[in-house]
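Visitor: One structure is given below, represented as structure tokens, and several questions about it will come after.
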Amino acid sequence: MKHSFIYLGVFLLCQSFSAILVQKLIAPYFTDSGYDMVVFQIVLSVILYSIMTLAIFLGAKWCPVTNNYVASKPVGLCGMIVLLAIVLILPSAWVQELLPDQWTKDVLSEQFDKLLRCPEGYIVIGLSAPLVEEVVFRGAILRKLLEWMNEIFGGLTNSKAWIAIVISAVFFAVAHLNPAQFPHALLIGTLLGWIYYRTGSIIPGILYHWVNNSTAFVLTGMFPEVKSDSHLIEYFNGNQTLLFISVAISIIVAVPCIWQLNRMMKRV
């Protein structure tokens, strides 16, 4: 268990150190460059922390890397992962909107909206987050939690594994440091943890994470007038019936996707 807290601490430390380094030592030299300084600092600090985090976690073998899963050529499973990631976006956002506003206050809406509206922002949301976060939260933290559960109980049953999955999902949600992202991150973190537990690889999780995050850019391009913190109804021009039907269809498609994915997944 202590290893998981160490991994989380190192991850947050890398983020903090990179942000301070960029803000204090690098950004002052670019104040007259014409760049949006908010976007510039976020993108540059994320690039730095991503390099640092991957170097530490992969170099120290906190997240072991093999080609076993890729060699198994899980094309069908990856296709199902992509489909599930797409159809769960609406239900996940809908569930979050059902929660009280005070529980999901968005403290990063301005920064997030700017990142979604510039190509450089894709480095942060579409590339860095799926790779780095899967390495840290599934490949390192969840892997160690599963080993810990196996040690203390003398074996790893599905019920014990779910305890580790939920703990890692809470870590994942808290690490986003934004109440507005907590419910979605908790749900997605749980799903990604289950996928990792069943496959023994972070590759499917990276794929799911990439599709989920990249969709935000697609939606921003399709609906440029809608801000990132807007309610779902705004994407449907105020048509509540159409929104309800869309969410219902998404859930209807997602259920057999999860069932089929459960059948397809196996540890390598």
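The values are calculated or read from the model by the stated rules, or taken from the named source; none is laboratory data. All values derive from a computational prediction rather than experimental measurement. Because the Cβ atoms are built from the backbone with ideal geometry, glycine has one as well, and the counts that use them run over all protein chains shown.
Visitor: Just to check your reading of the model, which residue among TYR7, TYR69, TYR35, TYR29 is without any contact (Cβ under 8 Å) to a residue 60 or more places away in the chain and in a helix (DSSP H, G or I)? It would help to see each step written out before you state the result.
Guide: Working: TYR7 fails: without any contact (Cβ under 8 Å) to a residue 60 or more places away in the chain; TYR69 fails: without any contact (Cβ under 8 Å) to a residue 60 or more places away in the chain; TYR35 fails: in a helix (DSSP H, G or I).
Of the residues listed, the single one that is without any contact (Cβ under 8 Å) to a residue 60 or more places away in the chain and in a helix (DSSP H, G or I) is TYR29.
Visitor: Spot the failing condition for ILE188; the list is (1) under 24 Å from LEU115 (Cα atoms); (2) of a type outside the set (Gly, Ala, Ser); (3) at pLDDT 95 or above, and only one is missed.
Guide: Every listed condition holds for ILE188 apart from (3).
Quick grid of which residues meet (1) surrounded by fewer than 17 Cβ atoms within 10 Å (Cβ to Cβ); (2) in contact (Cβ under 8 Å) with a residue 12 or more places away in the chain:
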| position | (1), (2) |
| --- | --- |
| PHE172 | no, yes |
| PRO183 | no, yes |
| LEU186 | no, yes |
| TRP194 | no, yes |
| GLU225 | yes, no |
| GLU234 | yes, no |
| ASN237 | yes, no |
| CYS257 | no, yes |
| ASN262 | yes, yes |
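Visitor: Of the residues GLY139, GLY154, which is over 26 Å from ALA248 (Cα atoms) and modelled with pLDDT under 95? Before you say what the answer is, go through the steps one by one.
Guide: Numbers: GLY139 fails: modelled with pLDDT under 95.
Step by step, each of GLY139, GLY154 is checked, and only GLY154 is over 26 Å from ALA248 (Cα atoms) and modelled with pLDDT under 95.
Visitor: Which residue out of GLU147, GLU120, GLU110 is more than 20 Å from the chain's Cα centre (by Cα), modelled with pLDDT under 95 and either of a type outside the set (A, V, I, L, M) or crowded, with 17+ Cβ neighbours inside 10 Å (or both)? Reasoning before the result, please.
Guide: Numbers: GLU120 fails: more than 20 Å from the chain's Cα centre (by Cα); GLU110 fails: more than 20 Å from the chain's Cα centre (by Cα).
One residue alone meets the criteria, GLU147.
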